[in-house]
Amino acid sequence: MRKVSSFFVLVANFYFLTFNFVSADFLNQTVIFNTNSQYEELGRTKSAATLRKISNNAYWYVSDDYWAGVSEPEKNLFLQKLDELALEFDNRIYPIETGFWGSENNPGIDNDPKVTILIAKLIDQAGGYFDTTHLYKKTEASESNQREMFFINSSSVISGRAKVFLAHEFQHLIGFYQKEILKNITEDVWLNETRAEYAPRLLGYDDVFDTSNIRRRIFAFQQNPSNPLAEWKNESSDYGVVTLFMYYLVDNYGPGILVDSQKSARSGIESINEALRQNLFSQTFSDVFSDWTIANILNDSSVDQKYAYKSGHLSNFRVSPTQSYTISGAGTILSVSNQGKDWQPHWYEFSTPVNSGTDLNLKVDFSADTGTNFKVPFIAFKINGQEEIGFLPINGSNGTFYFKNFGSEVYKVVLIPANHSKTSGFTENDPATSFNLKVQITSEFQEITPMPSPQISPAASIQDLLDQILILQNQLNQLQKSTSGNFSLT
């Protein structure tokens, strides 16, 4: 099934566009648009719409069936809201997003600098959608409307939520041009949606929590926190996971990571890795993902800044463990088996009654399918209120680790296994791999060094380095002026 972005569609592997020289649209003009039946309330493939508003940067069409179904007072209210929406798009959404992400294709396939926005009756679950079909000539895509355009749910105009969907869908229009057309790179859907979910935050629409986009995304994520990050089924839980990951990524590494990944000639995870390197971070996407899974259970900046969300909306946010077990008594063995897709975290909590007189330990044996690349972060909660964080040492697909004094020093351990194997080619139904955790209370103990958690380079250190580079560049420029030879700094 082709994806549409809120809902995103990729339809072709050619990215050259030919201008059609047509006259500009005029007020009250009626056009028959091709539509996506999956998101139209009545399942239509075509919709008649009339141009109700022309603003500096957009044509605002309203579907005729919606218009015919509302009363005169409702029409007046709608037009008032439409005026407000057009001003918001012209004065804030368009300039802020193009300034941050870059431009959409302008004047584009229709040789018209204005974007077309069709407001129609969509299904309840769809705030809007963007279909790349319409960015091609009809000779290349027969259902094309041959316009830079996207669709917005008519119900959101009256409710006041339309600006959030405008911000989201307009980012898709920009992103497609910047990545797919200019660079001929097909982007992963999950990362397209991650960038689009940042757009409302960029514009300040998340500032008031009760009316924010993040509020409903938090709810969606809490319903299924183990939803795979990169697999895309176009469900609410998919939007929940990419939005929470976006918040963590931007808060800890800066919004420039999203922009630079869009500029990259690579796609998906590799584009994030390249953006991290460009911004002088030593972490990889794998490191960031692991730290994010720890932050979702811990969310405590007093332990380390990277194990917390920075947004006030998420200051008290935590996920519940996938499964929780109480285990006690020497010789007790517990085995937990599950399947996981790539970049799909699970949180397993093992606790024991506090017994200060014991010298027993918790032994953990991890195993997974051959050829996988699991990472298993752990959080060991100590009786003294401190936490120890690390990674199980895994050799290939197996590993063993001991938590000493389980019950007298450590009272709870959370293990977070996730497969980090796949870095591209994600689908709407990726394959799963099996893994097993066997934990037991034992007097046996073997000193095994856990894998350390990667450290974020402090912002001050990065700035110091940038300042030093600037000083060096100025010195070299002065040297160049004082010599007669050729010299360049690259």
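The values are calculated or read from the model by the stated rules, or taken from the named source; none is laboratory data. Only a predicted model underlies this, so the values are computations on that prediction, with no experimental measurement involved. Cβ coordinates were reconstructed from backbone atoms using ideal geometry, including for glycine residues, and neighbour counts include every protein chain displayed. Heavy atoms of the whole protein, side chains included, go into the accessibility calculation; ligands, DNA and RNA do not. Shrake-Rupley method; radii C 1.70, N 1.55, O 1.52, S 1.80 Å.
Couple of notes before you dig in:
- Inter-label distance, L182 to S335: 5.5 nm, where each label sits 7 Å from its Cα along the C-beta direction.
- Volume per residue that the Cα convex hull of segment 304-452 spans, once the total is divided by residue count, Å³: 134
- A Förster radius of 35 Å combined with the Cβ-Cβ distance from A68 to F209 puts the calculated FRET efficiency at roughly 0.40.
- With both labels modelled 7 Å from their Cα along Cα-to-Cβ, the T139 to E84 distance reads 4.6 nm.
- Note that segment 407-413 has calculated 3J(HN,Hα) couplings of x, 10, 10, 10, 10, 7, 10 Hz, one per residue in order, obtained from phi through the Karplus relation 6.51 cos²θ - 1.76 cosθ + 1.60 (θ = phi - 60°); glycine and proline are x.
- With respect to the chain, whose longest principal axis is taken over its alpha-carbon atoms, helix 213-223 is tilted by about 40°.
- Computed lengthening from E428 to D365, 0.36 nm per intervening residue step minus Cα-Cα distance: 19.5 nm
- Distance between segment 420-446 and segment 243-285 - C-alpha centres, whole angstrom: 25
- Stretched out straight at 0.36 nm per residue, the stretch from E447 to I32 would grow longer than its current Cα-Cα span by 142.2 nm.
- Helix 72-88 and the longest principal axis of the Cα set of the chain meet at an angle near 70°.
- Distance between the 7 Å Cα→Cβ label points at A265 and A24: 3.9 nm.
- The structure-derived value of Cα extents along the principal axes in Å appears in the list [x] 83, 74, 40; [y] 73, 51, 46; [z] 102, 52, 50 under the label [x].
- Note, ³J(HN,Hα) from phi for segment 202-210, Karplus 6.51, -1.76, 1.60, rounded to Hz, x at Gly and Pro: 4, 8, x, 6, 8, 5, 9, 4, 4
- Carbon + sulfur, % of accessible area of the chain - ligands and nucleic acids excluded, 1.4 Å: 49
- Principal-axis tilt of helix 285-297 within the chain, Cα atoms, nearest 10 degrees: 80
- 1.4 Å probe accessible area per residue over the chain, in Å²: 42
- If R0 is taken as 60 Å, the Cβ-Cβ distance between A48 and I383 corresponds to a FRET efficiency of 0.30.
- At R0 = 25 Å, FRET efficiency that the Cβ-Cβ distance of Y402 and S328 yields, to 0.05: 0.90
- Candidate lysines for bridging to K121, where Cα separation is under 27 Å - those fewer than 8 sequence places away on the same chain excluded: K3, K46, K53, K75, K81, K137, K138, K163, K233
- Separation of alpha-carbon centers, segment 353-395 and segment 175-221, rounded to whole Å: 35
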